[in-house]
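Below: one structure, written as structure tokens.
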Amino acid sequence: LAYDLYYWPGLPGRGEYVRLVLEAAGAPYRDMARLEGPGCGVDAMMAILRHGHGEAFPLAPPFLIDGATLVSQAAVAAAYVGERHRLAPEDEAGRHFARSVAATTADFVAEAHDTHHPVGISLYYEEQKPEALRRAAEFRDSRMPKFLGWYEKLLRRNSAGYLVGAHLSYADLGLFQTVEGLRYAFPRRLKAIAGDTPEVMHLAARVAAHPRLAAYLASERRLPFNEDGIFRHYPELDGD
Ligand SMILES: N[C@@H](CCC(=O)N[C@@H](CS)C(=O)NCC(=O)O)C(=O)O
């Protein structure tokens with residue numbers, strides 16, 4: 001049976017953190033809000049946000065439906081798919097740590113988002129530009145090196161060359177997507193500091209070369225980053 005992924009059409013956003021795991025797994029899935037027809041589209045997503053799915057009631061997309069099960073929160077949904085398709089460590093400690101890494105990545109993603117929306121998500125970027133300049137400078141100078149340095153440390157500790165465990169996991173896919181987002185939103189800053197985290201950059205390149213993911217990344221299913229999303233390229237927020 002196919003998984004049903006629900007996320008806003010037109011931007012990769014947090015939905016991509018789940019979509020990448022489905023793609024790497026070769027799992028059958030329907031990208032529901034991007035499909036047309038009865039039971040599909042944004043209306044179908046809004047109906048679940050209004051009425052829930054059985055016991056489950058998500059606050060926001062992305063969410064994934066697998067039969068009677070609904071899983072929301074990008075990191076939790078990525079773990080759900082990864083653990084069912086050999087894209088997660090096998091042992092319990094490894095599974096828990098992979099979840100911790102994915103949740104930390106979700107924090108990093110939220111901080112990247114907040115560079116252009118530091119005051120509030122219900123306001124336009126244009127209404128919070130001075131605050132965005134300050135927030136982005138702090139993100140570039142302090143937060144980017146801190147998070148990327150932490151991933152680098154994890155990769156150097158693991159002789160297998162992955163964030164957790166002996167093989168590729170959803171945690172690695174999340175780091176890949178975040179590096180790609182930073183490359184789009186903060187190209188100057190990433191270029192300036194990439195040399196400090198060579199293992200992170202190497203992992204991102206390896207993920208992009210994964211046969212299933214390379215095919216996906218070249219396909220129309222892969223949505224480009226844009227200024228409606230989480231990672232937005234506003235040149236004034238970037239810097240060396
Ligand atoms: N922590 C959640 C955040 C979910 C979230 O903020 N989703 C956004 C789109 S990326 C949304 O549609 N939010 C609507 C809202 O918060 O009202 C996750 O990682 O999935």
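What nm value, rounded to one decimal, do you get for the distance between R221 and D43 when each label is placed 7 Å out toward the C-beta?
For the pair R221/D43, the computed spacing is 2.6 nm.
When a/c reaches 1.5 or more, the comparison of a/b and b/c decides; with that in mind, is segment 17-59 rounded, prolate or oblate per its Cα gyration tensor? Before the final figure, lay out each step's value.
Values: a/c = 2.55, a/b = 1.46, b/c = 1.75.
Oblate, since a/c reaches 1.5 and b/c is not below a/b.
Using every alpha carbon pair in the chain, what percent of pairs falls into each 10 Å bin from 0 up to the bin containing the largest distance?
Computed distribution, short to long bins: 8, 32, 36, 21, 4, 0.
Taking the simple approach of a point 7 Å from Cα along Cα-to-Cβ for both D240 and A214, what is their distance in nm?
Placing both labels 7 Å along Cα→Cβ, they lie 3.5 nm apart.
Can you compute 3J(HN,Hα) from phi for each residue in segment 158-167, using the Karplus curve 6.51 cos²θ - 1.76 cosθ + 1.60 with θ = phi - 60°, rounded to whole Hz and x for Gly and Pro?
10, 5, 6, x, 10, 5, 9, x, 8, 9
Y3's amide H: which non-local residues (gap 5+, or another chain) put their own amide H closer than 5 Å, with H modeled 1.01 Å from N in plane and none for Pro or chain starts?
For Y3, the qualifying residues are Y29, R30.
How large is the Rg to Rh ratio of segment 1-100 when both quantities use alpha carbon positions and Rh follows Kirkwood? Please list the in-between numbers first.
Numbers: Rg = 13.3 Å, Rh = 13.7 Å.
With Rg and the Kirkwood Rh in hand, the quotient comes to 0.97.
Using alpha-carbon pairs under 8 Å, 6+ residues apart, how would you state the relative contact order of the chain in percent? Could you put the intermediate results ahead of the total?
Values: 359 pairs, mean separation 51.6, N = 240.
Rounded, it is 22 percent for the chain.
If I build a Gaussian network model for the chain, linking alpha-carbon pairs within less than 10 angstrom, which residue out of L175, L163, L223 has the largest mean-square fluctuation?
Comparing L175, L163, L223 in a Gaussian network model of the chain, the most mobile one is L223.
Roughly speaking, what is the centre-to-centre gap between segment 163-240 and segment 1-64 when only Cα atoms are used, to the nearest Å?
Each part reduced to its Cα centre gives a spacing of 22 Å.
From the phi angles alone, apply the Karplus equation (6.51, -1.76, 1.60; θ = phi - 60°) to segment 231-238 and give each ³J(HN,Hα) in whole Hz, x where the residue is Gly or Pro.
8, 10, 9, 10, x, 5, 8, 9
Non-local amide H neighbours of H167 (under 5 Å, H modeled in plane, Pro and chain starts lacking H): which ones?
Those qualifying (amide H under 5 Å, at least 5 residues apart or on another chain) number zero.
Output wanted: per-residue J couplings in Hz (rounded whole) for segment 52-68, from phi through Karplus 6.51 cos²θ - 1.76 cosθ + 1.60, θ = phi - 60°, x for Gly and Pro.
Once θ is set to phi - 60°, the couplings for segment 52-68 become x, 9, x, 6, 8, 8, x, 7, 7, x, x, 9, 10, 10, 10, x, 7 Hz.
Would you mind telling me the antiparallel percentage of the DSSP bridges in the chain, rounded to 5? Kindly include the intermediate steps, with their values, before the conclusion.
Working: 8 of 11 bridges.
Roughly 75 percent of the beta bridges in the chain run antiparallel, per DSSP.
Kyte-Doolittle cut-off -1.0, length cut-off 18 Å along the helix's own axis using Cα: show which whole DSSP H helices in the chain pass.
Details: long enough: 92-114 (33 Å, -0.23); 144-157 (20 Å, -0.60); 170-185 (22 Å, 0.18).
Helix filter hits for the chain: 92-114, 144-157, 170-185.
Calculate, in nm to one decimal, what S100 and R134 gain on full extension: separation in residues at 0.36 nm each, minus their alpha carbon distance. Provide the component values of the computation, followed by the final result.
Numbers: separation 34, 0.36 × 34 = 12.24 nm, distance 2.88 nm.
Length gained, S100 through R134: 9.4 nm.
Not counting ligands, DNA or RNA, and with a 1.4 Å probe, what is Y6's accessible surface area in Å² rounded to the nearest 10?
Roughly 10 Å² of Y6 is accessible to a 1.4 Å probe.
Which shape class applies to segment 169-240: rounded if a/c is under 1.5, otherwise prolate when a/b exceeds b/c and oblate if not, where a ≥ b ≥ c are the square roots of the Cα gyration tensor eigenvalues?
Numbers: a/c = 2.41, a/b = 1.24, b/c = 1.95.
It is oblate, given that a/c is not under 1.5 and a/b is not larger than b/c.
Over the heavy atoms of E111, what accessible area does a 1.4 Å probe trace out, to the nearest 10 Å²?
Probe radius 1.4 Å; accessible area of E111 about 40 Å².
The values are calculated or read from the model by the stated rules, or taken from the named source; none is laboratory data. In this text, all values refer to a predicted model and were calculated from it rather than measured experimentally. Ideal geometry is used to build each Cβ from the backbone, glycine not excepted, and the neighbour counts take in all protein chains shown. The area values use the complete protein model at the heavy-atom level, side chains included, leaving out ligands, DNA and RNA. Shrake-Rupley method; radii C 1.70, N 1.55, O 1.52, S 1.80 Å.
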